[in-house]
1. Starting from 0.36 nm per residue, how many nanometres of slack lie between ARG102 and ASP131 once their C-alpha separation is accounted for?
2. Over the chain, what is the relative contact order in whole percent, taking alpha-carbon pairs under 8 Å and six or more residues apart?
3. When the Kirkwood radius is taken over all Cα pairs of the chain, what Stokes-Einstein diffusion coefficient follows at 20 °C and 1.002 mPa s, in µm²/s?
4. So what J values fall out for segment 148-156 if you push phi through Karplus, 6.51 cos²θ - 1.76 cosθ + 1.60 with θ = phi - 60°, rounded to Hz, Gly and Pro as x?
5. Which residue, chosen from ILE158, ALA143, GLN212, occupies the Cα position most advanced towards the positive end of the dipole of segment 34-246, where the dipole is computed from +1 (Lys, Arg) and -1 (Asp, Glu) charges on Cβ about the Cα centre?
6. If the chain between LEU163 and ARG89 were fully stretched, how many nm would it gain, using 0.36 nm times the residue separation less the Cα-Cα distance?
7. Given R₀ = 51 Å, FRET efficiency for VAL21-LEU245 by Cβ-Cβ distance, to 0.05?
8. Calculate, in nm to one decimal, what ALA34 and LYS57 gain on full extension: separation in residues at 0.36 nm each, minus their alpha carbon distance.
Amino acid sequence: MDILSLVGLVLAFCAIGVGAVLKGAGIHSLLSGAAFMIVIVGTVAAICLQTPLHVMKRALSILPWIFRPPAVQRHTMINKMVEWSNTARKQGLLGLESLIEREQDDFVRKGLQLVVDGSEPDIIRNVLEVDLHTREQADTRAAKVFEGMGVYAPTLGIIGAVLGLMAVMQNLADPAKLGHGIAAAFVATIYGIGIANLFFLPAASKLKVAIQAMSQTREMVIEGMISIAQGENPRSIEAKLQGYLH
């Protein structure tokens, strides 16, 4: 669990809610069905129009990474690859074949299979780098879905405010309704700017950090697999891969 994400979300709600109370507006002033429809539903509509279906599905699947990012256990992975290197030196590369099915990560399984098949180091690097870049690009496109929502939401908030002011202008003959109407008009702006800057844009940035961490771990795996294929000394492999821990 990423405790900072949870703390940030709670503080975001407190900042808006407590701020509204301290300003004298009250929590009830922030509740508006019209603002919700214009800003939230409108933002979802805009991003659906922009995004292909497969990218949207991926975006929804990685959204939980904000609070529970994929485990990046580099120490464990380094220890495994050093152990595999020892096994390969003692039993040959075929000695690693029984380990392939034990690995849960399909990227690691793919690398081990290439090593066991006796592929040349250049081939191992090329195959795994293509896989890495494809995964990274797909996940980055998914993260940009939330970045796009952070761009659209403030604009739709302005649209909501303009529509609210239009309604106010229609009631100029009734001064009693003007104050309430103007206040309600700006709720949409709060929704748009608030959700963009307190959730969508930070969420996109947090997802990009998680994606980058996964890519760096896979780069480490590629170097380890190539080193094993080349028959390097296990201690040299360990020293090389420990550079990824910084």
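1. 8.4 nm
2. The normalised contact order for the chain reaches 32 percent.
3. 99
4. Once θ is set to phi - 60°, the couplings for segment 148-156 become x, 5, x, 7, 6, 4, x, 5, 5 Hz.
5. Farthest towards the positive pole: ILE158.
6. Value of the extension gain: 19.4 nm.
7. Values: r = 46 Å, r/R0 = 0.91.
Using R0 = 51 Å, I get an efficiency of 0.65.
8. 5.5 nm
Read the figures in this text as sums done on the coordinates, not as results from a lab. Just so we're clear, the structure is a prediction, and the values are computed from it rather than from any experiment. Don't worry about glycine lacking a Cβ; one is built from the backbone with ideal geometry, like all the others, and counts go over all protein chains shown.
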